[in-house]
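Worksheet for the structure shown next.
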Amino acid sequence: MHSKKHLKFKALIESVKKEFNKIEDNRGKNKSNSISDVMLSGIACMYFQCPSLLDFQRRMEANGHKNNLRSMFSVSDIPTDTGMRTIIDGVDTEAAFRGIFKEYYQRLQRGKHLEEYQTLPGKYLLNIDGTQYFQSSKIKCKKCLERGKKGKEYNCHQVLQAAIVKAGLKQVIPVMPEEICTQDGDNKEDCEMRATHL
């Protein structure tokens, strides 16, 4: 995929930061990191493939990595792993990421990159799968799903992830993930189908 200026890494990170700056900050005056810095640090954690937020925070304290975090992701201050966890957990993912996906798709359309992915004229192949990314028998929040057999119940978070794919192209284009909610049902296949709104 030929990369144009509006699809280069720096331009994409700048558009992400712009969206993160829109997140309402309801914390008190005593705050050491901006929500934007924390959210961008979370993205950097995935980009640098750190196994945990704590590992990320430790690695970023090394001078070379700290410079990468500032130059590549425009992060002013490195948050602690606890600070990251607390702040990220409180952010509404729908509000934080919907605008980012919308902006990215507009950029792909403007550069006519989406046309490459048409399987038939005007038609795209969407690969969809559900996954679980959190599970605990002790920790629970209002968005947790309750799963398991009697005596072995646990709380979890599940999400439906889709991507536009095409045979012969290595890159896939992810679609905004859809959280699987309690009202989507208890049966795995049923709740995934309801989350897709089919």
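The values are calculated or read from the model by the stated rules, or taken from the named source; none is laboratory data. As the structure is a computational prediction, the values presented were derived from the model and not from experiment. Ideal geometry is used to build each Cβ from the backbone, glycine not excepted, and the neighbour counts take in all protein chains shown.
Would you confirm whether or not the stretch 23-34 contains a residue that is of a type in the set (Ser, Thr, Tyr) and part of a loop (DSSP other than H, G, I, E, B)? If you could, list the steps in order and put the result at the bottom.
Going residue by residue through the stretch 23-34, those that are of a type in the set (Ser, Thr, Tyr) are 32, 34.
With the extra rule that they be part of a loop (DSSP other than H, G, I, E, B), the set shrinks to 32, 34.
The answer is yes, given that some residue of the stretch 23-34 is of a type in the set (Ser, Thr, Tyr) and part of a loop (DSSP other than H, G, I, E, B).
Filter the stretch 38-55 down to the residues that are in a helix (DSSP H, G or I) and either over 15 Å from the mean Cα position of the chain (by Cα) or not assigned by TED's automatic domain parsing to the domain that holds residue 77 (or both) and list them by number.
Of the residues in the stretch 38-55, the ones in a helix (DSSP H, G or I) are 38-47, 53-55.
Answer for the stretch 38-55, where residues must be in a helix (DSSP H, G or I) and either over 15 Å from the mean Cα position of the chain (by Cα) or not assigned by TED's automatic domain parsing to the domain that holds residue 77 (or both): 54, 55.
Hey, could you check the stretch 28-68 for residues that are exposed (fewer than 13 other Cβ atoms within 10 Å of the Cβ) and either in contact with a Pro (Cβ under 9 Å, 6 or more places away or on another chain) or closer than 17 Å to residue 87 by Cα (or both) and say which is modelled with the lowest pLDDT?
Initially, the stretch 28-68 is screened for residues exposed (fewer than 13 other Cβ atoms within 10 Å of the Cβ), giving 28-32, 46, 49, 51-52, 61-64, 67.
Filter once more, keeping what is either in contact with a Pro (Cβ under 9 Å, 6 or more places away or on another chain) or closer than 17 Å to residue 87 by Cα (or both): 28-32, 46, 52.
Working: 28: 72, 29: 70, 30: 62, 31: 76, 32: 78, 46: 89, 52: 83.
Ranking the qualifying residues of the stretch 28-68, first place goes to 30.
Does residue 81 count as closer than 30 Å to residue 5 by Cα and among the acidic types (Asp, Glu)? Working first, answer last.
Numbers: closer than 30 Å to residue 5 by Cα: no; among the acidic types (Asp, Glu): yes.
No: the conditions fail for residue 81.
Could you please tell me which pairs satisfy a Cβ distance under 9 Å, a separation of 6+ or placement on different chains, a first residue in the stretch 119-139 that is in the same structural domain as residue 150 (by TED's automatic domain parsing), and a second residue that is loosely packed, with under 12 Cβ neighbours inside 10 Å and part of a strand (DSSP E or B)?
none
Yes or no: residue 31 of a type in the set (Lys, Arg) and farther than 25 Å from residue 108 by Cα?
On the way: of a type in the set (Lys, Arg): yes; farther than 25 Å from residue 108 by Cα: yes.
Spelling it out, residue 31 is indeed of a type in the set (Lys, Arg) and farther than 25 Å from residue 108 by Cα.
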